[in-house]
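See structure below.
The values are calculated or read from the model by the stated rules, or taken from the named source; none is laboratory data. Note that the coordinates shown come from a computational prediction; the quantities given were computed from them, not determined experimentally. Cβ placement follows ideal geometry from the backbone for every residue including glycine, while neighbour counts extend to all protein chains displayed. Please note that ligands, DNA and RNA were not included when accessible areas were found on the heavy atoms of the full protein model with its side chains. Shrake-Rupley method; radii C 1.70, N 1.55, O 1.52, S 1.80 Å.
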Amino acid sequence: MSKTKQESPTISPDEVADRRDDEDLFILDVRNEEDYDEWAIEGSHNLPIYDELADGDLSGLEESLDEIPEDEEIAVICIGGVTSDDAAGYLQDEGYDAKSVEDGMRGWGKVHVPYEVESLDGVIQVVRPGTGCVSYLVHDDDEAVVVDPSLYTDEYRDLAAERDLELVGAIDTHAHADHVSGGRELDVPYYLHEDDGGDLDDYEPIADGDTVAVGDRELEVLHTPGHTPGSVSLLVGDGLLSGDTLFIDSVGRPDLEGDTETDIREGAEELFDSLDLLADLPEDTVVLPGHFNDEEIRPLATTLGDLEESNDLFGEDDREAFVETIVESLSDEPANYNQIKSINWGEEPLTEDAEDLELGPNNCAAN
């Protein structure tokens with residue numbers, strides 16, 4: 001009689017997110033080197049034996065045990081949690097405290113971590129460490145609005161329910177190209193600038209100077225095109241939700257709406273004007289961006305005054321130099337960005353496999 005394979009103990013992606021800075025957790029990524037280099041958990045260790053594991057060959061793992069600490073808990077990760085289960089099982093047999101990360105990197109891409117923004121009352125920042133995406137829950141009294149929601153809408157419903165808040169609206173600062181929006185799935189009024197509306201007919205258009213009410217406070221719309229034609233930033237009290245217009249270390253890239261150099265230059269010029277508009281706001285305005293790269297501050301926040309000193313693109317006052325820098329610095333586009341845009345514009349239906357489209361690194365900044 002053959003022996004039935006026992007599944008290895010598992011660890012959730014959320015626990016990995018909570019503990020990845022712990023000295024007693026060693027994250028072992030067994031994917032191929034090319035996949036690891038493109039997208040990985042920061043601080044993890046790559047042992048590129050995925051193909052061997054998929055064929056049932058554990059020799060590569062056996063030969064590399066000296067790379068794996070014996071006195072730490074091991075979280076083994078692959079793309080979907082299958083080969084990592086085999087690797088964790090072998091390590092368990094060898095005496096290691098090893099667990100397989102549930103759903104692998106797919107699960108990592110779904111992790112949402114909330115942070116209270118202490119410098120701005122009534123704002124919760126929701127960070128997705130696996131994708132670089134940042135969204136917000138803005139609340140007052142017993143109402144809340146979600147800004148730039150992900151496809152995983154239960155994250156926001158749960159946050160609201162934990163605080164006895166009623167969701168009354170969802171706002172996208174622009175039509176996203178890196179992740180599928182959950183704005184229309186929340187069953188609340190959905191707000192978007194009409195220049196980014198595409199073929200949608202189930203949204204409420206917002207324009208420069210408009211306000212969206214939540215409780216007794218308002219979110220004021222600033223039209224800040226450049227990243228997309230309909231990009232907006234939102235003023236919330238002394239804070240600015242800057243969407244993909246302004247980041248901590250960079251600014252939004254202007255090449256995801258048109259691919260000719262003329263399109264890119266026109267977008268960069270619009271972006272320059274939008275940043276100039278934001279620079280006129282008070283220096284102590286708290287900036288809360290829609291993406292992060294490798295910044296470690298949490299919540300992800302700074303002030304306009306600090307950004308004028310530290311962010312070279314935001315501090316650039318020469319239009320021509322700014323445009324040239326943007327054109328020369330563009331990196332690879334986000335994975336599947338055309339299909340993601342088509343879903344967010346209403347040109348394609350939202351299907352069950354949509355979540356797989358957004359797996360991968362964050363490439364929305366002009367680096």
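General observations
- Residues (in a strand (DSSP E or B) and surrounded by 23 or more Cβ atoms within 10 Å (Cβ to Cβ)) located in segment 134-154: Val134, Ser135, Tyr136, Leu137, Val138, His139, Ala144, Val145, Val146, Val147
- Residue count for segment 212-222, restricted to those that are free of Cβ contacts under 8 Å to residues at least 60 places away in the same chain and open to solvent by 50 Å² or more (accessible area, probe 1.4 Å): 3
- 2 or more residues modelled with pLDDT of 95 or more, in contact with a strand residue (DSSP E or B) (Cβ under 7 Å, 6 or more places away or on another chain) and open to solvent by 20 Å² or more (accessible area, probe 1.4 Å): qualifying strands (runs of 3 or more DSSP E) within segment 50-129: 113-116
- Of the residues making up segment 356-366, those that are surrounded by 15 or more Cβ atoms within 10 Å (Cβ to Cβ) and either assigned to a helix (DSSP H, G or I) or among the acidic types (Asp, Glu) (or both) are Leu357, Glu358.
- If you filter segment 299-316 down to residues that are touching a Ser or Thr at 6+ places or on another chain (Cβ under 9 Å) and more than 16 Å from Ser274 (Cα to Cα), you find that the one that is most open to solvent (accessible area, probe 1.4 Å) is Ser310.
- Taken together, the criteria place Glu296 among residues that are open to solvent by 30 Å² or more (accessible area, probe 1.4 Å) and part of a loop (DSSP other than H, G, I, E, B).
- Residue check, Ala161 surrounded by fewer than 20 Cβ atoms within 10 Å (Cβ to Cβ) and of a type in the set (Gly, Ala, Ser): yes
- From the options Gly209, Gly226, Gly230, residue that is surrounded by fewer than 17 Cβ atoms within 10 Å (Cβ to Cβ), part of a loop (DSSP other than H, G, I, E, B) and in contact (Cβ under 8 Å) with a residue 12 or more places away in the chain: Gly209
- Any hit, segment 4-12, residues being open to solvent by less than 80 Å² (accessible area, probe 1.4 Å), among the polar types (S, T, N, Q) and in a helix (DSSP H, G or I): no
- Residue ID - farthest from Thr211 (Cα to Cα), chosen from residues in segment 141-157 that are touching a helix residue (DSSP H, G or I) at 6+ places or on another chain (Cβ under 6 Å) and without any contact (Cβ under 8 Å) to a residue 60 or more places away in the chain: Thr153
- Consider segment 1-18 and keep the residues that are of a type in the set (Val, Ile, Thr) and at pLDDT 95 or above. The one that is farthest from the chain's Cα centre (by Cα) is Thr10.
- Taking segment 172-199 as the range and being over 16 Å from the mean Cα position of the chain (by Cα) and not in a loop (DSSP other than H, G, I, E, B) as the test, the residues that pass are Arg184, Glu185, Tyr190, Tyr191, Leu192, His193, Glu194, Asp195, Asp196.
- So Asp21, is it surrounded by 13 or more Cβ atoms within 10 Å (Cβ to Cβ) and within 21 Å of the chain's Cα centre (by Cα): no
- Output for segment 346-355, where each listed residue is open to solvent by less than 50 Å² (accessible area, probe 1.4 Å) and part of a loop (DSSP other than H, G, I, E, B): Gly346
- When we screen Asp172, Asp201 for residues that are open to solvent by 60 Å² or more (accessible area, probe 1.4 Å) and either out of contact with any helix residue (DSSP H, G or I) (no Cβ under 8 Å at 6 or more places or on another chain) or at pLDDT 95 or above (or both), the only hit is Asp201.
- Whichever residue in segment 175-198 is hydrophobic (A, V, I, L, M, F, W, C) and open to solvent by less than 20 Å² (accessible area, probe 1.4 Å) and, among such residues, is nearest to Phe292 (Cα to Cα): Ala177
- Evaluation of Leu256 against (1) touching a Phe, Trp or Tyr at 6+ places or on another chain (Cβ under 7 Å); (2) surrounded by fewer than 18 Cβ atoms within 10 Å (Cβ to Cβ) (one fails), failing number: (2)
- Output for segment 177-198, where each listed residue is on the phi > 0 side of the Ramachandran plot and touching a helix residue (DSSP H, G or I) at 6+ places or on another chain (Cβ under 9 Å): Gly198
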